[in-house]
Amino acid sequence: MKISNGMKKISKFLIFLLAFLILVVPAFSFAAENPPLPGLVPCDNSAAYPCDFTAFMTLINKVITFILFYMALPIAAIMIAYAGFLLITAAGGEQKTKAKNIFFNAVIGLVIAAAAWLIIRTLLLIVGYEGDWIGF
């Protein structure tokens with residue numbers, strides 16, 4: 001039985017979707033926690049934890065931190081390890097080229113993610129916003 005190219009593309013997409021959901025779904029489980037606990041939503045509209053601009057910025061910070069540190073770094077590490085495995089086991093020039101391209105793309109993606117965070121942080125510092133969410 002021969003598998004068509006369309007079926008291969010669908011299976012690759014489904015594997016990617018499953019891996020993405022495995023990484024993202026745990027973040028949503030923290031969304032309903034109380035503010036003293038480390039949840040996603042930092043307010044409950046009470047006097048102690050009002051839902052204001054600072055709470056919104058804290059929410060944005062938590063999302064950015066999750067994407068940058070809990071998704072981008074592990075995915076880049078997995079891709080670099082995969083590229084290294086391909087490079088070591090490569091028998092021909094085509095496999096070596098593929099491994100080098102994967103490694104290069106993983107590093108470029110990580111640099112773009114870090115640069116995006118740094119640019120936003122710098123712009124907010126320049127305009128004078130000094131909330132606790134712009135730094136770690």
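Quick notes
- Listed by first and then second residue, the pairs linking a residue in segment 40-60 that is at pLDDT 75 or above to a residue that is in a helix (DSSP H, G or I), with Cβ atoms under 7 Å apart and 6 or more places separating them unless they lie on different chains, are Cys43/Ala55.
- For segment 87-111, the set of residues classified as part of a helix (DSSP H, G or I), over 24 Å from Leu23 (Cα atoms) and either under 21 Å from the mean Cα position of the chain (by Cα) or not polar (S, T, N, Q) (or both) consists of Leu87, Ile88, Gly93, Glu94, Lys96, Lys98, Ala99, Lys100, Asn101, listed by residue number.
- Restricting segment 43-73 to residues that are surrounded by 14 or more Cβ atoms within 10 Å (Cβ to Cβ) and of a type in the set (S, T, N, Q), the residue that is farthest from the chain's Cα centre (by Cα): Thr54
- Residue, modelled with the lowest pLDDT, within segment 1-39, restricted to residues that are under 24 Å from the mean Cα position of the chain (by Cα) and among the hydroxyl-bearing types (Ser, Thr, Tyr): Ser29
The values are calculated or read from the model by the stated rules, or taken from the named source; none is laboratory data. Remember, predicted model here, so these are calculated numbers, not experimental data. Quick reminder, even Gly has a Cβ in these numbers, built from the backbone with ideal geometry, and neighbours come from all protein chains shown.
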